[in-house]
Amino acid sequence: MGFPDGHAAGEEGTAGRAAATAGGTGWRLVAAVVALPVLAPAGSAAMAVARFRPGGGSGEKTHEVPCAGVLRLGRAALPETGEFAGPCTERQSRQTLEYHAAFRMPGADVRD
């Protein structure tokens with residue numbers, strides 16, 4: 001029993017190899033075209049999750065700094081009746097530098 005191109009089953013010939021090679025490579029192109037729209041958003045989502053999780057991203061460092069320095073940087077001062085409500089921190093990543101300071105004070109001392 002033979003094939004339409006004239007070679008028999010189990011017989012390796014140039015025509016058989018050419019037909020197998022030509023038909024066998026088309027699926028790779030189709031797979032790449034189908035996978036690209038799926039993988040690109042998935043990769044972007046994975047990078048976003050890594051970037052925005054606490055302490056995530058590339059090269060972010062968080063450490064405590066003197067609270068007076070944080071207020072001075074913002075040209076602010078702690079109210080006379082106020083007190084700091086925790087540590088003051090500095091978070092640095094590639095492009096941003098963020099400071100955090102929290103304080104408490106009596107409600108009667110708050111002005112509108």
Taking R0 as 22 Å, what's the FRET efficiency between Ser93 and Ala45 from their Cβ-Cβ distance, rounded to 0.05?
0.70
How much accessible area does Glu83 have with a 1.4 Å probe, in Å² rounded to the nearest 10?
110
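The values are calculated or read from the model by the stated rules, or taken from the named source; none is laboratory data. From a predicted model like this one, the values you see are computed outputs, not experimental measurements. Cβ atoms come from the backbone with ideal geometry, glycine included; neighbour counts cover every protein chain shown. In case anyone asks, the SASA skips ligands and DNA or RNA and just uses the protein heavy atoms, side chains included. Shrake-Rupley method; radii C 1.70, N 1.55, O 1.52, S 1.80 Å.
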